1. For A42, are the conditions met, namely being more than 22 Å from E23 (Cβ to Cβ), in a loop (DSSP other than H, G, I, E, B) and among the hydrophobic types (A, V, I, L, M, F, W, C)?
2. Just checking, which of S30, S48 is modelled with pLDDT of 85 or more and not basic (K, R)?
Amino acid sequence: MNIFDSNAGPTTDMTNIALKIEEIRPNKFSGLTTLTEALNKANWPSWSKRITSMFKLCQVKGYVKGSIDKPPNIDPKSARNWATNDVFA
């Protein structure tokens, strides 16, 4: 996840704030990443809740929603971690 400097106000120049993205370790979630219930028209509400919960548990909901932006290349480690996490999501 993007972690912003807590002192940053709404008018702060965002180019000066360091983004830190930690790599998500998929093997932590290996037993949780399979839904046996296939999506169909009849089960959308229950399936949607289950998959959303799984995204949260696996720490990838922001990647799935597109709300975690790729950090600038000034921090190559965070950029690599973001790319790895985005593929996992």
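1. no
2. Unique residue meeting the criteria: S48.
The values are calculated or read from the model by the stated rules, or taken from the named source; none is laboratory data. These numbers were taken from a predicted model, which means no experiment stands behind them. Note that we place each Cβ from the backbone using ideal geometry, even for glycine, and neighbour counts take in every protein chain shown.
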